[in-house]
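What follows is a short report on a single structure.
Nothing in this text is a laboratory measurement; each read-out follows from the coordinates by a stated rule. For clarity, every value in this text was computed on a predicted model and none was experimentally measured. Here Cβ is always computed from backbone atoms with ideal geometry, including for glycine, and neighbour counts include all displayed protein chains.
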Amino acid sequence: MTEAPAAADARVRLPPGTRLVDCDVHAVVPAIDALYPWLGDHWREVAATTQFRGPTDTAWPPTAATSMRPDLAGVAGVAESVADVRERALGPWQTETAILVCAYATEAVKNPDAAAALSRAVNSWVAETWLDAEPRLRGSLVVPALDPAAAAAEVDHWAGDARFAQVVLPVRSMTPYGNRLWWPLLDAVARHGLVLCLHAGGATGNPPTSIGWPTTYLEEYVDMASAFQAQLMSLVAEGAFSRYPDLRVLCAEGGFAWLPSLMWRFDRLWRGLRREIPWTTQRPTAYLREHVRLTTQPFDGPADAAGFARLLDQIGSAEMLCFSTDYPHWQYDQAADALPPVGDDDLRRILGDNARALYGLERRTR
């Protein structure tokens, strides 16, 4: 084992030969005027005259303990600069590649033309401000999350830039993503060899739980897992993986310990109801294991090696998990707690091998 620092307060031991891929590092647009160079005269004027300050996504309340690392002095939940990410997120872990996620809540913008313009501006800002400056970063395309056709057009526009590795959508949506309304976007994602990242959050205006509005953030935070389950069920049942056999999905920042119970229930009920969805020629679990991966943060599995081994056996294998720090959000007390309790071979897979296969990083050049 070789030793590598993981954070200011701790050191972790990583297996020899580890090539670490961090699948969830955040950048946040600091203010709407940061996008002005890419918005054009019309939308700059609209923003100025309406005092538009940008869409708001409340998945990470600034005062919540999960929203920022306690050692960060900047704005809660904000990775302030490339230098900040380089020093605090990439360097300590000796990260080879990090997937940068800018969760810009275009689903909160009801004007479809404005949402498209903002998406283009955010992607341009990420490309020129972050990806040009740091070769270890790969980007996530922001798309108009209420307009599948426009979202597909945005993917087509950036398809030639290999620095973008995925398309990010909020897991809470107005319509499940397996619905045929979303097929134009799913087609574009699969056709260009990108990953579809379903990320925690979403500002659609719908209640964040299936039974209405909760009283506390704790309820919303815990119940986020149900949104991930609903989206995966939709993608399988609506035939997305049958229609697009190359489609790959990453569930980011939603936990993973809920997966075995979903698999058991889904497989069992599918046996009696499969006549509804004849296009599914395999058990739901087979589609999930082939097409879906999940990030390790927030880590909600057993902390002991024996318990975690049972969880992996129920999921199917360690190949379904991809490492993430979720920087600068904070769900663990010490850096070592970010590492799953597994042996070296499985740990190497989780820390990097699985993500390199998911994203095709070996074949995607800058």
Kindly work out what percent of the DSSP beta bridges joining two residues of the chain are antiparallel, to the nearest 5.
20
Taking amide H atoms as placed 1.01 Å from N in the peptide plane, list the residues 5 or more away in sequence, or in a different chain, whose amide H sits under 5 Å from that of Arg248.
Leu196
Show me 269-281, 201-213 ranked by packing, highest mean number of other Cβ atoms within 10 Å first.
201-213, 269-281
Where does each of 253-264, 95-106 land if you order them by average Cβ count within 10 Å, highest first?
95-106, 253-264
For region 145-153, in order, what is each residue's ³J(HN,Hα) by Karplus, 6.51 cos²θ - 1.76 cosθ + 1.60 with θ = phi - 60°, in whole Hz (x at glycine and Pro)?
7, 10, 9, x, 5, 5, 5, 5, 5
Convex hull projection area averaged over all views, the chain, Cα basis, nm²:
17.7
Quick one: 3J(HN,Hα) in Hz for region 88-94, Karplus 6.51/-1.76/1.60 with θ = phi - 60°, rounded, Gly and Pro as x.
9, 10, 7, x, x, 8, 6
Rounded to 0.05, the calculated FRET efficiency for the beta carbons of Asp304 and Asp337 at R₀ = 22 Å is 0.95
Which value at 222 nm does the chain reach when only helices count, each DSSP H run of 4 or more adding -39,500 (n - 2.57), with the total divided by all residues and rounded to the nearest 500 deg cm²/dmol?
-10000 deg cm²/dmol
For region 302-315, take each phi angle, set θ = phi - 60°, evaluate the Karplus expression 6.51 cos²θ - 1.76 cosθ + 1.60, and give the result in whole Hz per residue in order, putting x for glycine and proline.
x, 7, 8, 4, 5, x, 5, 4, 5, 4, 4, 5, 6, 5
For a Förster distance of 22 Å, can you work out the FRET efficiency between the beta-carbons of Gln94 and Asp161, rounded to the nearest 0.05?
0.25
Here the gain from full extension of Thr209 to Ala286, 0.36 nm per residue of separation minus their alpha-carbon distance, amounts to 25.0 nm
For Leu137, list long-range residues whose amide hydrogen, built 1.01 Å from N in the peptide plane, is under 5 Å from its own amide hydrogen.
Ala98
With contacts defined as alpha carbon pairs under 8 Å and 6 or more residues apart, what's the relative contact order of region 2-355 in percent?
21
Quick one: which residues, 5 or more positions from Trp330 or on another chain, have an amide H under 5 Å from its amide H? H modelled 1.01 Å from N in the peptide plane, none for Pro or chain starts.
Ser67, Met68
Please compute P(r) over all alpha-carbon pairs of region 79-125, binned at 5 Å starting from zero, and give each bin as a whole-number percent.
5, 17, 21, 17, 13, 12, 9, 5, 1
